[in-house]
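Just so it is clear, none of the values below were taken in a lab; they were calculated from the coordinates. If you're wondering where the values come from, they're calculated on a predicted model, not measured in any experiment. Here the Cβ positions follow ideal geometry from the backbone for every residue, glycine too, while neighbour counts run over all protein chains shown.
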Amino acid sequence: MNPQLTNPRADEIDAILKRLPFAQTLGMRCEVLGDEMTAILPFQEKLIGNVAIRALHGGAIASFLELTAMLQVFLVSDMPRPPKPINLTIDYLRQGHAKDLYARAYVLKMGRRMASVRAEAWQENRAEPVTALMAHFLVATE
Amino acid sequence: MNDKPKKQYDIAAIMNENINVMRDVVPWANETRFRVTKVEKGHVLGVQPWEAHLVGDPETGVIHGGVITTFLDNLCGMACSAAMTEMRFVATIDLRIDYMRPADKGRDIIGEAECYHLTRTVCFTRAWAYHETRDKLIATAAGTFAINKARFGGPRPKPEASQP
């Protein structure tokens with residue numbers, strides 16, 4: 001295997017997801033290629049927020065994006081454990097349909113104390129994001 | 001005032017009477033297990049219990065931030081509906097969450113949301129999450145919501161003419 005293509009942190013991402021009860025409740029998983037990670041939230045009935053229009057719950061999408069952003073910071077850092085969130089802003093751009101949801105996060109700045117991260121979630125079309133998130137995480141390890 | 005007779009509803013009172021129904025029609029709210037405890041005009045209170053399947057840090061047993069986001073998002077949306085005089089659904093435009101401190105393991109989280117301003121198309125809300133009092137906050141939220149024009153399922157039913 002080409003060592004440049006494998007990221008030792010990738011296996012850790014998988015282990016974290018398995019250890020996290022809330023990530024299991026959501027049912028999300030991640031695919032990692034080098035420093036690039038795609039998070040996948042397979043559709044489940046319990047993720048629905050509005051039964052009349054069968055839309056995903058904003059809170060479920062926000063939770064998924066927050067976890068994606070957190071894991072992306074972990075992936076590109078050497079932190080011993082995932083970072084803690086300070087705050088986040090979520091923009092609900094389009095309705096989330098009763099289908100699988102995908103997300104990617106970008107670390108805009110990795111500081112000594114904080115990381116600024118942007119994440120986007122989409123369904124069929126990457127260019128038409130369903131939800132965007134901007135978050136800050138505490139990365140200082142004292 | 002009477003040139004456009006339109007029936008006014010006390011939506012907050014209707015919501016208060018159907019407090020448990022509101023959660024049952026939201027599967028994700030059922031999954032995160034929060035309860036709405038009180039609805040007043042533009043103001044909603046709820047409780048988010050600690051549950052093992054919501055833990056976001058297995059070492060400390062602290063509930064995941066996403067659970068608080070879900071909780072406050074839902075309460076804010078309900079505070080919008082509860083501020084109106086006709087039944088309208090709202091959709092979150094944006095929501096900001098600030099995490100002040102982690103919630104304690106095993107303890108209920110109290111949530112409080114208010115809709116402090118309302119226009120024809122947009123609601124402005126804020127919310128708080130805490131264990132005991134608002135002096136010691138776990139998280140705060142600020143959200144804006146779009147008011148949906150039409151109700152789904154065909155044309156809006158005419159309110160009964162019961163006004164004198």
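Filter segment A:81-101 down to residues that are crowded, with 19+ Cβ neighbours inside 10 Å and either assigned to a loop (DSSP other than H, G, I, E, B) or away from every other protein chain (no Cβ under 14 Å) (or both), then give me how many there are.
3
Would you be able to say whether some residue in segment B:63-86 is more than 8 Å from chain A (Cβ to nearest Cβ) and loosely packed, with under 15 Cβ neighbours inside 10 Å?
yes
Just to be sure I understand, how many residues within segment A:102-142 are among the charged types (D, E, K, R), touching a Lys or Arg at 6+ places or on another chain (Cβ under 7 Å) and part of a strand (DSSP E or B)?
Residues meeting the conditions: 1.
Which one is nearest to the other protein chains (Cβ to nearest Cβ), of the residues in segment A:19-57 that are part of a helix (DSSP H, G or I) and polar (S, T, N, Q)?
A:Thr25
Restricting attention to segment A:58-80, report how many residues are at the interface with chain B (Cβ under 8 Å from one of its Cβ atoms) and either part of a loop (DSSP other than H, G, I, E, B) or free of Cβ contacts under 8 Å to residues at least 40 places away in the same chain (or both).
2
Return a yes/no flag: does segment B:12-22 have any residue that is farther than 21 Å from A:Ala23 by Cα, in contact (Cβ under 8 Å) with a residue 60 or more places away in the chain and touching a strand residue (DSSP E or B) at 6+ places or on another chain (Cβ under 7 Å).
Yes, segment B:12-22 has at least one match.
Only one residue in B:Ala103, B:Ala91 is surrounded by 14 or more Cβ atoms within 10 Å (Cβ to Cβ) and closer than 23 Å to A:Gly96 by Cβ, so which one is that?
Selected residue: B:Ala91, the only one of B:Ala103, B:Ala91 that is surrounded by 14 or more Cβ atoms within 10 Å (Cβ to Cβ) and closer than 23 Å to A:Gly96 by Cβ.
Consider B:Gly77 against the criteria (1) over 19 Å from A:Thr25 (Cβ atoms); (2) part of a strand (DSSP E or B): it satisfies all of them except one. Which criterion is unmet?
Answer for B:Gly77: the failing condition is (2).
Mind listing whichever residues of segment B:99-118 are over 17 Å from the mean Cα position of the chain (by Cα) and within 13 Å of chain A (Cβ to nearest Cβ)?
B:Tyr99, B:Met100, B:Arg101, B:Pro102, B:Ala103, B:Lys105
Any residue that is crowded, with 24+ Cβ neighbours inside 10 Å and in contact (Cβ under 8 Å) with a residue 60 or more places away in the chain - is there at least one of those in segment A:35-52?
Within segment A:35-52 (the criterion being crowded, with 24+ Cβ neighbours inside 10 Å and in contact (Cβ under 8 Å) with a residue 60 or more places away in the chain), the answer is yes, since at least one residue qualifies.
Residue by residue through segment B:30-53, note down the ones that are within 12 Å of chain A (Cβ to nearest Cβ), buried (at least 16 other Cβ atoms within 10 Å of the Cβ) and closer than 25 Å to B:Asn18 by Cβ.
B:Glu31, B:Thr32, B:Arg33, B:Phe34, B:Gln48, B:Glu51
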